[in-house]
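Scroll down for the structure; my scribbles are underneath it.
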Amino acid sequence: MKHVLALLPFPVKSFLPLSALRSLKERGFKVHVAVQTMDAHPYVSDLLEDFIQANSILDLSEQNYSEYNDVIRDYIDKHGIQVIVQMGAALIYPILPDLKIRRPGLRVVDMLFNPYGHVWDHFLFENSIDAVVVESKFMAGIVQKSTLIHGRDIRIVRSGTRIEPIHTALANPETRPLTVGYAGRLSEEKAPLEFVRIAKEASRKTAAHFKVYGSGPMESEVRTAIEQANLGERLTFEGFLPAAEALSFIDILVVPSRFDGRPAAIMEANALGVLTIAAGVGGIPEMIHEGVNGFCIQPWSVASAVDKICFLAENMNILTEMKAKAKTFAQSEFSYERMLTDYTEAFNGR
């Protein structure tokens, strides 16, 4: 049984890799998590109650940074940790060289989701990292072009999803108008204000309704933009809901990201029979089969998104067919079990 310590900056509810770690327990892994802080604000925090109950959590929020090295090393020794999985805890990168020197048998795996943020720390300390896990060919190419390590071990682990529809009278598409939605983090890279602009323009050409689901640092700006759009019930802010519940209320998901990796929202939407209109950035083009589970559009183009929404609103038969195809596509292309198998091999070094 492998003992794995995952390093997180903070625990975000519905964070797919965290869900995958929980599932890996069923595959024989003993999973521990270390967090720099338990407060994920402005996102919704995962309370990690299962890890707390299992005494498999290292909360670093009460530790001075100068103590991180000793505290983490002691935890590794106490719990027999064999694999460290770096999941964006930027403050812990500088500790990795010392850990590898003192514990040469320790396997360090770094997960990189897009070319921004802590990816710079990765390359500063890449000599202390044994393998890199990415979600897309796009990101694998970034690492391959940037690494100075010959034969760098890069594992493409395409994320997957397992999600069941929620059936409620309110969510029944037969009892509601065509509904277009945004569901995800309200942060700059996800471009939620772009969705508001799309909704304003599309509302002039269709009878569709528009809903925003999510939380994050841009919530106040998004609320203000929705109020200023003055579309009443046709454009509403719904706040945070679990993915399955939020997506059950919409027919078309719009993902207007400025940059992205492999958004869980696309997989979750398709699994529920919701097709996607998404900006062709990062790993997104690898997730969209044009005209089957959705459409890729030109990034930062309100007009492109509006054109697709209007096309679907005017061709409801095509929309219905694509929603069915999206669900089938998700079953074959977004396999959760396949993702777990790939994680298992990456952590084991096979």
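The values are calculated or read from the model by the stated rules, or taken from the named source; none is laboratory data. Just so you know, these numbers come straight off a predicted model, no measurement behind them. Positions of Cβ are generated from backbone atoms using ideal geometry, with glycine treated the same way; all protein chains shown enter the neighbour counts. Accessible surface is based on the protein model in full, side chains and every heavy atom, while ligands, DNA and RNA are left aside. Shrake-Rupley method; radii C 1.70, N 1.55, O 1.52, S 1.80 Å.
If contacts are Cα pairs under 8 angstrom and at least 6 residues apart, what is the relative contact order of the chain in percent?
Taking the mean separation of contacting Cα pairs over the length of the chain, I get 15 percent.
With a point put 7 Å past each Cα toward its Cβ, work out how far Lys145 is from Met316 in nm, to one decimal.
Roughly 4.6 nm, to one decimal.
Which ³J(HN,Hα) values in Hz, rounded to whole numbers, follow from the phi angles of region 236-252 under the Karplus curve 6.51 cos²θ - 1.76 cosθ + 1.60, where θ = phi - 60° and Gly and Pro get x?
3J(HN,Hα) across region 236-252, in whole Hz: 10, 9, 10, x, 7, 9, x, 3, 4, 5, 4, 6, 5, 9, 10, 9, 10.
Distance between Cα centroids, region 184-210 to region 230-253: provide it in whole Å.
11 Å
So, with +1 on the Cβ of K and R and -1 on the Cβ of D and E, and no other charges, what is the size of the charge dipole of region 84-136 about its Cα centre, to the nearest 20 debye?
240 debye
Which ³J(HN,Hα) values in Hz, rounded to whole numbers, follow from the phi angles of region 102-109 under the Karplus curve 6.51 cos²θ - 1.76 cosθ + 1.60, where θ = phi - 60° and Gly and Pro get x?
Once rounded to whole Hz, the list reads 7, 10, x, x, 6, 8, 10, 10.
What lysines sit close enough to Lys325 to cross-link, taking a C-alpha to C-alpha distance under 22 Å and skipping anything fewer than 8 places away on the same chain?
Lys308
Near Val31, within a Cβ-to-Cβ distance under 11 Å, what is the net charge of the other residues, with Lys and Arg +1 and Asp and Glu -1?
Result for the local shell: +3.
Hey, any idea what % of the chain's accessible area is carbon plus sulfur with a 1.4 Å probe? Walk me through the numbers before you get to the answer.
Values: 7920 of 15390 Å².
Its accessible area is 51 percent carbon and sulfur atoms.
For Lys30, which sequence-distant residues (separation of 5 or more, or a different chain) have an amide H within less than 5 Å of its own amide H, given hydrogens modelled in the peptide plane?
Distant-sequence amide H within range of Lys30: Lys2, His3, Val4.
Starting from the amide H of Ile297, placed 1.01 Å from N in the peptide plane, find each other amide H under 5 Å away whose residue is 5 or more places distant or on another chain.
The list, which skips near neighbours in sequence, is Ala278, Ala279, Gly280.
What number comes out for accessible area per residue over the chain if the probe is 1.4 Å? Units Å², please.
With all protein chains present, the chain gives 44 Å² per residue.
Hey, got the dipole for the chain? About the Cα centre, +1 on K and R Cβ, -1 on D and E Cβ, debye to the nearest 20?
Dipole of the chain, to the nearest 20 debye: 700 debye.
Of the listed pairs Lys100/Lys190; Lys13/Lys100; Lys13/Lys190; Lys190/Lys211; Lys78/Lys100; Lys137/Lys200, which have alpha-carbon separations greater than 24 Å here?
Lys100/Lys190; Lys13/Lys100; Lys137/Lys200
Pop out the Kirkwood hydrodynamic radius of region 254-350 from its pairwise C-alpha distances, inverse of mean 1/r, in Å to one decimal.
14.1 Å
If you take the charge dipole of region 220-345 about its Cα centre, with +1 on Lys and Arg Cβ and -1 on Asp and Glu Cβ, which of Ile318, Phe259, Leu272 is farthest toward its positive end?
Ile318
Around Phe334, which amide H atoms from residues at least 5 apart in sequence, or from another chain, sit under 5 Å from its own amide H, with H modelled in the peptide plane?
The list, which skips near neighbours in sequence, is empty: none.
To the nearest 20 debye, what is the magnitude of the charge dipole of region 1-129 about its Cα centre, counting +1 on the Cβ of each Lys and Arg and -1 on the Cβ of each Asp and Glu? Intermediate values should be presented prior to the final figure.
Details: 12 positive and 15 negative charges, 119 e Å.
My answer is approximately 580 debye.
Using Cα pairs under 8 angstrom and six or more residues apart, how large is the relative contact order of region 64-110, in percent?
Relative contact order of region 64-110: 46 percent.
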